[in-house]
Amino acid sequence: MRFALITILGLIVACSNTVEGTLLRCDNCEEVRVSRVIDGDTLDTPSVRLRLFGVDTPEIGEPCAAEATSRMNELAGNSVRLEDGPRLTDQFGRRLAYVYTKDGHSIDEILVRDGVGSAWTEDGQHRDFLMGLENSTRMMDDGCLWSK
């Protein structure tokens, strides 16, 4: 039942044409300045390299990597908001966090909804929602990763 509800919510969001409207929100989370976008799921801040917790995007040189990086640049702008997940760093020492636009809209959700990123499946408080959203996006053959 829970997965069905998540899938239905994912379909609602996937069908939305809003650029930044998201169900996952964090309006008052910590705000950090963005120094540079590395790729679709990695940013530099003045103090640390940051890896999105909830989404994987293709690596540079792989199909859809340019689209994911471009979308991240567009969404991140000069600053982002951060919500910690269950782990604070990855094996490379990068900070892990769910990332939101300055206005509090989920970048993780947008990348999955737009079909330029896939949901992180191992853990995290938003894992089930993002996995349901990815499933909906795949079923609709939507976005760079899933269109045929």
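Structure notes:
- Qualifying residue in region 41-50 (condition: surrounded by 20 or more Cβ atoms within 10 Å (Cβ to Cβ), within 10 Å of the chain's Cα centre (by Cα), at negative phi and not acidic (Asp, Glu)): no
- Residues within region 19-40 that are hydrophobic (A, V, I, L, M, F, W, C), over 12 Å from the mean Cα position of the chain (by Cα) and assigned to a loop (DSSP other than H, G, I, E, B), tallied: 5
- Restricting GLU67, GLU83, GLU109 to those that are in contact with a Phe, Trp or Tyr (Cβ under 6 Å, 6 or more places away or on another chain) and buried (at least 17 other Cβ atoms within 10 Å of the Cβ) reduces the list to GLU83.
- Restricted to region 51-64, and to residues there that are crowded, with 20+ Cβ neighbours inside 10 Å and among the β-branched types (Val, Ile, Thr), the residue that is nearest to ARG127 (Cα to Cα) is VAL55.
- Within region 72-97, residues that are in contact (Cβ under 8 Å) with a residue 12 or more places away in the chain and of a type in the set (D, E, K, R) have Cβ atoms under 7 Å from residues that are in a loop (DSSP other than H, G, I, E, B) and surrounded by 12 or more Cβ atoms within 10 Å (Cβ to Cβ) in these pairs: ARG81/CYS26; ARG81/CYS29; ARG81/LYS102; ARG81/GLY104; GLU83/CYS26; GLU83/CYS29; ARG95/VAL48, counting only partners at least 6 apart in sequence or on another chain.
- Yes/no for GLY143 being modelled with pLDDT under 95 and more than 11 Å from the chain's Cα centre (by Cα): yes
- Residue in region 88-99 that is under 9 Å from the mean Cα position of the chain (by Cα) and either crowded, with 24+ Cβ neighbours inside 10 Å or basic (Lys, Arg) (or both) present: yes
- Among the residues making up region 112-148, a single one is touching a Phe, Trp or Tyr at 6+ places or on another chain (Cβ under 9 Å), free of Cβ contacts under 8 Å to residues at least 60 places away in the same chain and of a type in the set (Lys, Arg): ARG138.
- Note on region 115-130: residues that are surrounded by fewer than 21 Cβ atoms within 10 Å (Cβ to Cβ), modelled with pLDDT of 95 or more and either of a type in the set (D, E, K, R) or assigned to a helix (DSSP H, G or I) (or both) amount to 2.
- Region 86-131, residues that are of a type in the set (Ser, Thr, Tyr) and within 12 Å of ARG51 (Cβ to Cβ): THR89, TYR98
To keep it simple, each residue is scored yes or no on (1) under 21 Å from LEU133 (Cβ atoms); (2) at pLDDT 95 or above.
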{"residue": "VAL13", "(1), (2)": "yes, no"}
{"residue": "GLU20", "(1), (2)": "yes, no"}
{"residue": "VAL34", "(1), (2)": "no, yes"}
{"residue": "ASP44", "(1), (2)": "no, yes"}
{"residue": "GLU67", "(1), (2)": "yes, yes"}
{"residue": "GLU83", "(1), (2)": "yes, yes"}
{"residue": "GLY104", "(1), (2)": "yes, yes"}
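- Selection of region 77-97 for residues being out of contact with any Lys or Arg (no Cβ under 9 Å at 6 or more places or on another chain) and either in a strand (DSSP E or B) or within 15 Å of LEU43 (Cβ to Cβ) (or both) yields only GLU83.
The values are calculated or read from the model by the stated rules, or taken from the named source; none is laboratory data. Everything quoted here is computed from the prediction, not taken from an experiment. Note: ideal-geometry Cβ built from the backbone for every residue, glycine included; neighbour counts use all protein chains shown.
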